[in-house]
1. Would you mind computing, in nm to one decimal, how far apart the modelled labels at A:ASN189 and A:ARG22 are, each placed 7 Å from Cα along Cα→Cβ?
2. Rounded to the nearest 100 Å², what is the sum over both chains of accessible area buried where B meets A, with a probe of 1.4 Å?
3. What net charge is computed for the residues neighbouring A:HIS148, neighbours being all others with C-beta under 12 Å from the C-beta of A:HIS148, Lys and Arg scored +1, Asp and Glu -1?
4. Determine ³J(HN,Hα), in whole Hz, for all residues of region A:215-221 in sequence, where each value follows from phi through the Karplus function 6.51 cos²θ - 1.76 cosθ + 1.60 and θ = phi - 60°; x replaces Gly and Pro.
5. Write down the Å³ per residue value for the convex hull defined by the alpha carbon atoms of region B:87-219.
6. Let me cross-check A:GLU188: its accessible surface, 1.4 Å probe, with only protein heavy atoms counted, in Å² to the nearest 10?
7. How far apart are the A:ARG208 label points across copies, placing each 7 Å from Cα toward Cβ, in nm, shortest first?
8. What whole-number volume per residue, in cubic angstrom, does the convex hull of the C-alpha atoms of region A:147-206 give?
Protein chains: 2
Amino acid sequence: MSNTWQDEVLADVKAGARINDRHIVDRIRQAVLMQRLPPGTRLPEVTLGEIFGVSRSVVRKALTRLASDHVITQQPNQVARVSAPSVEETREIFAARRLIEGEVVALLAGHLDREQCRILASYVEAEQQAHQRGDEGQRIEHSLAIHHYLADHSPNRTLGVMLSDLILRTSIVIALYKRAGMASCYLENDHAELLSLLERGEGEAARRRVQAHLTALEELLDLRPQDTRIDLAAIFGEAG
Amino acid sequence: MSNTWQDEVLADVKAGARINDRHIVDRIRQAVLMQRLPPGTRLPEVTLGEIFGVSRSVVRKALTRLASDHVITQQPNQVARVSAPSVEETREIFAARRLIEGEVVALLAGHLDREQCRILASYVEAEQQAHQRGDEGQRIEHSLAIHHYLADHSPNRTLGVMLSDLILRTSIVIALYKRAGMASCYLENDHAELLSLLERGEGEAARRRVQAHLTALEELLDLRPQDTRIDLAAIFGEAG
DNA sequence: TCACCAAAACTTGTATACAAAGATCGATTC
DNA sequence: GAATCGATCTTTGTATACAAGTTTTGGTGA
């Protein structure tokens with residue numbers, strides 16, 4: 001496990017912040033979202049307790065919530081781990097997200113005020129710039145900001161919460177199934193076009209745009225059955 | 001709080017069943033589903049612990065999970081209560097369920113084998129009979145069995161789980177906003193027609209049928225803003 | 001009679017102790 | 001050298017004690 005996120009937390013604690021289970025949930029969600037906690041990462045209760053400066057009771061509550069949200073998986077008497085969904089579940093997550101994010105943008109189209117459009121446009125701009133200077137970490141962050149902004153401003157808040165969860169789960173499976181040689185999963189212009197459709201109030205077009213965007217994203221992943229993914233010849237050919 | 005469900009649990013415990021947090025979650029979910037735990041019901045940790053024969057630790061874990069699923073609501077330092085969603089949230093829940101259950105039946109259409117159709121047909125039949133003999137409790141149970149069967153057999157399991165949660169939340173808001181004078185929220189033939197469309201593989205028609213069914217169900221509720229719901233004149237006019 | 005306030009009872013928040021299950025490492029045997 | 005068995009260490013499961021917050025209750029004064 002990398003130490004970077006642990007150090008950040010320790011800094012927070014020294015600053016005198018009150019840590020509760022909600023705080024821990026948010027920190028872990030954020031770390032997973034930013035792909036700093038890769039799928040499969042062990043999350044022992046005592047370790048987390050020491051990092052956040054609380055006892056296992058508080059950590060346990062946080063882990064229970066994260067498990068409910070499918071961010072981690074827990075099995076009896078075993079350490080919690082960051083979820084590592086199967087190929088099958090990955091496809092399901094994308095299909096679910098297409099359905100729900102499609103509906104959210106359809107509801108949202110034509111109902112964004114000038115200020116909200118401005119904010120979204122700034123995210124789109126920032127994402128493009130990060131991409132052009134090759135800063136993948138920043139690019140992902142801005143891209144996530146766009147989708148989370150849509151989720152947070154869904155007229156149907158219930159669907160918005162569901163979408164937030166699916167965005168997080170999508171991050172996990174991207175980290176898990178990203179093609180080895182793929183530098184970036186940036187889809188040129190998709191976000192800019194979506195924003196334009198939202199501004200013009202073209203709900204159904206926006207729905208289709210988002211769904212196509214997510215399908216394209218899914219196709220960038222390596223979702224072949226596992227046997228065919230590991231090319232023994234290539235591995236040992238190079239090594240020997 | 002009524003004692004009926006508590007007695008059932010005590011019987012279970014005497015039978016020697018090992019109780020864990022999952023068990024408690026299921027029992028409470030079931031009780032809420034059957035409208036035996038009305039919205040707003042207090043769920044103190046110690047009381048639940050005594051009923052299920054476990055300590056607060058286990059109860060707490062169960063309550064955390066139930067809160068994540070929006071079955072109960074928890075506020076700091078206050079007793080957990082069965083959720084009582086606002087009118088606004090109720091509309092959102094119905095809209096979300098229309099979207100997701102619509103997709104599930106569209107996916108399911110034409111993919112049910114003969115045995116599965118037979119099982120669904122038996123539920124539909126049982127619901128009709130319960131309605132005819134005026135057994136509302138049994139009717140609700142069979143109706144829920146139909147919808148849960150669809151959720152459990154969703155080709156997309158992720159959407160299926162989401163649908164299960166929404167069915168539960170729908171039960172809660174029906175208990176909360178059921179019109180006073182309304183004997184039953186039974187919609188004649190809806191389920192039978194849906195089954196027929198599923199058998200014939202007409203996915204889009206099945207989607208529309210389910211969505212119309214849920215809209216009709218929502219319209220049977222009293223979702224007026226709260227001020228206009230309480231008719232003071234009627235209350236005191238009758239009393240005096 | 002009502003509003004107000006303090007004390008008691010109730011309830012949750014957190015830490016911790018101990019039990020039980022799982023994982024790990026090393027020695028032993030084939 | 002590989003597999004197996006057991007001791008040890010790690011980690012979670014559960015109960016419980018105490019602290020802190022909330023609600024209820026009962027009494028007091030206007």
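The values are calculated or read from the model by the stated rules, or taken from the named source; none is laboratory data. On a predicted model such as this, the values are computed, not experimentally measured, just so you know. So basically every Cβ, Gly included, is an ideal-geometry build from the backbone, and we count neighbours across all protein chains shown. Ligands, DNA and RNA are stripped out before the accessible areas are found, and what is left, the full protein with its side chains, is counted by its heavy atoms. Shrake-Rupley method; radii C 1.70, N 1.55, O 1.52, S 1.80 Å.
1. Here the modelled spin labels are 4.4 nm apart.
2. On the way: alone 12850 and 12860 Å², together 23920 Å².
The B and A chains share an interface burying roughly 1800 Å².
3. My count for the surroundings of A:HIS148 gives -3.
4. Coupling constants for region A:215-221: 5, 4, 4, 4, 6, 6, 8 Hz.
5. 91
6. Solvent-accessible area, nearest 10 Å²: 110 Å².
7. For A:ARG208, the other copies' label points sit at 2.0 nm, shortest first.
8. Here the figure is 99 Å³ per residue.
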